[in-house]
Amino acid sequence: MGKKVLIVGGVAGGASVAARVRRLDESAEIIMFDRGPHVSFSNCSLPYHLSGIVEDSQKLVLMNPEIFKKRYNIEARVNQEVQKINRDKKTIMVKDLTTNQTYEETYDTLVLSPGAIPIRPTIEGIHNDNVFTVRNVEDIEKINTFVKQEGVSKITVIGGGFIGVEVAENLKLAGLEVSLVEFANQVMAPFDYDMAQILHKEMVDHGIELILDDGLAKIADGYVETNSGRKVEADAVVLAIGVRPETTLAEEAGLAIGETRAIKVDHNYVTSDKAIYAVGDAIEVYHRLLHKPTRLALAGPAQKQARAAADHMYGIATRNQGIIGSSSIHLFDLNAASTGLNARTAELAGMNYDSVYIMPGDKVGLMPNSNPMHFKLVYEYPTGRILGAQAIGKGNVDKRIDVIATMITMNGTLEDLKDLELTYSPMLGTAKDVVNHAALVALNQLEGRYKEVKVSDVRKLVENNAFIIDAREKGEYAQGHLRNAVNIPLSEFRERLNDIPTDQPVYIHCRSGQRSYNMVMALNNLGYENIYNISGSYLGINLYEYYNDIVTGREKIVTAYNFK
Ligand SMILES: Cc1cc2nc3c(=O)[nH]c(=O)nc-3n(C[C@H](O)[C@H](O)[C@H](O)COP(=O)(O)OP(=O)(O)OC[C@H]3O[C@@H](n4cnc5c(N)ncnc54)[C@H](O)[C@@H]3O)c2cc1C
């Protein structure tokens, strides 16, 4: 018998370590422990059981102990909780949760992949029977059963991160009345506030009641009360306010814990004890762009860390490049993805950065299912180094964001992205892809070829009666426009130069930014000095304004919305 490897946790990280060790060493004795009844289930697919997209919850379980044993000679012990690590003896104490018996198991190498625990704040009602969290198959079955058996019609989700948003979406698809309460002023923190407005619109348009800037104060019979005193009717509550790394075992064993309160590991995922590795949601990772420790609860990194840890056990070198944080989500009719830093995190980190927001078509316009893709690119000023991107649309946002993630990882700049040779076919994309386009616009901005204001500045401009040109055609203007915009279509402006003032700033928009950009450049070339493109243009302005208009009832800055 070769090396004895014990693994705590049998899902994303744990099962990946086990499989890789087996591929590297046929003689190793591998035992994987999980306190739950399953190993190797698809955490990321859990919310889809609520809508019935994954009808049979057992399909969420990808592998069972019998298959692990037969195919891989890996022993997967379920309902077994690892309760203690005796580092001096190199043993662990395990409690069999079916018999309540405790036993000891020796190891040569121990791997911790215990994941993260959903946070439950200490507030009134938090332990009521109708309050749930989502971590595993049992959790999602409990919610589904409760909803069906108790005839739940109103449910409140607390937390607007990707788990809360996916749970809310799937409950809505199941026909429930869903409210979502979020402490911040937006859902989905990887997105900037301007981009998040598109997600807010999608949620409210599909009937989810969004309560932002408010937190959970207490859970009472039939309702939840928020910090602002609002009472939201709820037969059940799903808590998704975040997770904290599961560090109890490691802490009690005296392993080093990092500044983010996750398990500290080295370059090779070795803890402060050379015989113990740790991977996944429980560990502290290094942020490649922010140059500091952070936490990242995502499946891809967990699996890659697992492979790297197993490789290191067998002397295979790995490169720890740190993380940048890439994620994606599907939300009703939209897809959204992001990578790296958004403008808010770049600002908080004190970085010198700028951003562009464009919305080119995701395919050639005359093709079926061609839709705008909202794309925001964040880059370092003045180096042009790419820092991050966010994309939202009906099409392949993940392809675009994956390109940017690759660029960031290879230290790419706007110049690299501009010339990146990507595939093209009219049904799939455009000859100059969204990401090339973003780089070109950003380079124009970086090199000072034109000036722009952000979509978030437009309300103030309208309220201050700034001179705004709407460069769309008259028919488009008639269907809805900024309250005080002057309609000078791109096709007419050369004959109407006298209508354009030279003694004050002039702001120009069209529908998606292309016509306004052409007018801005033409006016710059004609010697006008105070010309600004409005980033986001009419479509972006409408999307940016819509959610706050409808929830606050404030005066609109457009005469009519137009989202086409
Ligand atoms: C609802 C949901 C949706 C998600 N969606 C996505 C997504 O779309 N994309 C994405 O990248 N990530 C997603 N994630 C996150 C992803 O699932 C995690 O990042 C990943 O599973 C982490 O792997 P891990 O091995 O660290 O922990 P886990 O996969 O959580 O596994 C840890 C296991 O360890 C067990 N355990 C803990 N302590 C002990 C102990 N003492 N003894 C025995 N067993 C123990 C636990 O029971 C658990 O089964 C989602 C997570 C959830 C909950």
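The values are calculated or read from the model by the stated rules, or taken from the named source; none is laboratory data. In this text the structure is predicted, and so the values were computed from the model without any measurement. Note that each Cβ is placed from the backbone with ideal geometry, even for glycine, and that neighbours are counted across all protein chains shown.
Observations on the model:
- Put simply, of E81, E26 the only residue that is free of Cβ contacts under 8 Å to residues at least 60 places away in the same chain, charged (D, E, K, R) and closer than 15 Å to V11 by Cα is E81.
- Pair list, Cβ < 9 Å and 6+ apart or interchain, from region 270-289 residues that are under 13 Å from G258 (Cβ atoms) to residues that are within 16 Å of the ligand (Cβ to nearest atom) and aromatic (F, W, Y): T271/Y277; A278/Y269; I283/Y269
- Annotation for region 408-418: no member residue is buried (at least 19 other Cβ atoms within 10 Å of the Cβ), touching a residue at least 40 places away in the same chain (Cβ under 8 Å), closer than 17 Å to M519 by Cβ and not hydroxyl-bearing (S, T, Y).
Every residue, every condition in (1) more than 21 Å from N530 (Cβ to Cβ); (2) in the same structural domain as H437 (by TED's automatic domain parsing); (3) assigned to a loop (DSSP other than H, G, I, E, B), yes or no:
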| position | (1), (2), (3) |
| --- | --- |
| I468 | no, no, no |
| R472 | yes, no, yes |
| E476 | yes, no, no |
| R494 | no, no, no |
| N498 | no, no, no |
| P501 | no, no, yes |
| Y507 | no, no, no |
| R511 | yes, no, yes |
| R515 | no, no, no |
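- Scanning region 271-291 for residues that are farther than 10 Å from G322 by Cβ and away from the ligand (no atom under 16 Å from the Cβ) returns S272, D273, K274, A275.
- Across region 292-333, the qualifying residues are those that are more than 16 Å from the ligand (Cβ to nearest atom) and among the β-branched types (V, I, T), and the one among them that is surrounded by the most Cβ atoms within 10 Å (Cβ to Cβ) is T318.
- Checking region 214-225 against the condition returns no match, with no residue being of a type in the set (A, V, I, L, M), outside any strand (DSSP E or B) and crowded, with 22+ Cβ neighbours inside 10 Å.
- Residue that is farthest from the chain's Cα centre (by Cα) [pool: residues in region 239-252 that are crowded, with 19+ Cβ neighbours inside 10 Å and assigned to a loop (DSSP other than H, G, I, E, B)]: T247
- Sole exception among (1) surrounded by fewer than 23 Cβ atoms within 10 Å (Cβ to Cβ); (2) part of a helix (DSSP H, G or I) for N369, by number: (2)
- Positions within region 12-39 being near the ligand (Cβ under 9 Å from one of its atoms) and either modelled with pLDDT under 95 or touching a Phe, Trp or Tyr at 6+ places or on another chain (Cβ under 6 Å) (or both), in sequence order: H38, V39
- Filtered residues of region 174-210 (kept if polar (S, T, N, Q), more than 27 Å from S153 (Cβ to Cβ) and free of Cβ contacts under 8 Å to residues at least 60 places away in the same chain): N185, Q186
- On the stretch given as region 419-457, residues that are surrounded by 17 or more Cβ atoms within 10 Å (Cβ to Cβ) and acidic (D, E) total 2.
- Counting only helices (runs of 4 or more DSSP H) that sit completely within region 1-110, those holding 2 or more residues that are in contact with a helix residue (DSSP H, G or I) (Cβ under 9 Å, 6 or more places away or on another chain) and farther than 17 Å from N136 by Cα correspond to 12-24, 65-72.
- Test: residue in region 215-234 that is touching a helix residue (DSSP H, G or I) at 6+ places or on another chain (Cβ under 8 Å), touching a residue at least 60 places away in the same chain (Cβ under 8 Å) and of a type in the set (A, V, I, L, M, F, W, C): no
- Scan of region 372-394 for residues that are under 19 Å from T430 (Cα atoms) and assigned to a loop (DSSP other than H, G, I, E, B), ordered by number: K394
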